[in-house]
Amino acid sequence: MNRAEYMSCPKIYAKRGEQLPGAKLTNASVRQMRADYGPLTAKQLAARHGVSQSLVEKVVSFRRWVHVR
């Protein structure tokens with residue numbers, strides 16, 4: 001594959017989410033976080049999953065981990 005082919009479809013080849021070596025969340029934990037967001041606050045979810053409160057807010061508002069539905 002050459003650069004032109006790679007750039008024509010970057011989303012197919014780019015690693016996302018739990019495929020990245022430093023990921024603290026999994027697809028399942030993101031889905032669970034979004035399901036639990038109503039009864040639990042972002043601060044509580046952050047403590048439960050070991051991430052920052054701002055990341056939780058971005059995840060539940062679909063600004064991060066957008067590929068997980």
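The values are calculated or read from the model by the stated rules, or taken from the named source; none is laboratory data. The structure displayed is predicted, hence computed values, not measured ones. Note that we place each Cβ from the backbone using ideal geometry, even for glycine, and neighbour counts take in every protein chain shown. These area figures cover heavy atoms from the full protein model, side chains too; ligands, DNA and RNA do not enter into them. Shrake-Rupley method; radii C 1.70, N 1.55, O 1.52, S 1.80 Å.
Once the chain from residue 26 to residue 47 is taken as fully extended at 0.36 nm per residue, the excess over their C-alpha distance is 6.0 nm. Between residue 4 and residue 58, the simple label model (points 7 Å from Cα in the Cβ direction) yields a spacing of 3.5 nm.
In whole percent, how big is the carbon plus sulfur part of the accessible area of the chain, probe 1.4 Å, protein atoms only? If you can, show how the numbers build up before the last one.
Details: 2650 of 5010 Å².
Result for the chain: 53 percent of the exposed heavy-atom area is carbon or sulfur.
In terms of the mean number of neighbouring beta-carbon atoms within 10 Å, the peptides 55-67, 15-27 order highest first as 55-67, 15-27. At a probe radius of 1.4 angstrom, the accessible area of the chain per residue rounds to 73 square angstrom.
Relative contact order for the range 4-69: 25 percent, from Cα pairs under 8 Å spaced at least 6 residues apart, divided by residue count. Remark: the chain carries a charge dipole of roughly 60 debye about the Cα centre, counting +1 on each Lys and Arg Cβ and -1 on each Asp and Glu Cβ.
Consider all pairwise Cα distances in the range 2-69 and report the whole-number % of them above 20 Å.
Values: 767 of 2278 pairs.
That fraction is 34 percent.
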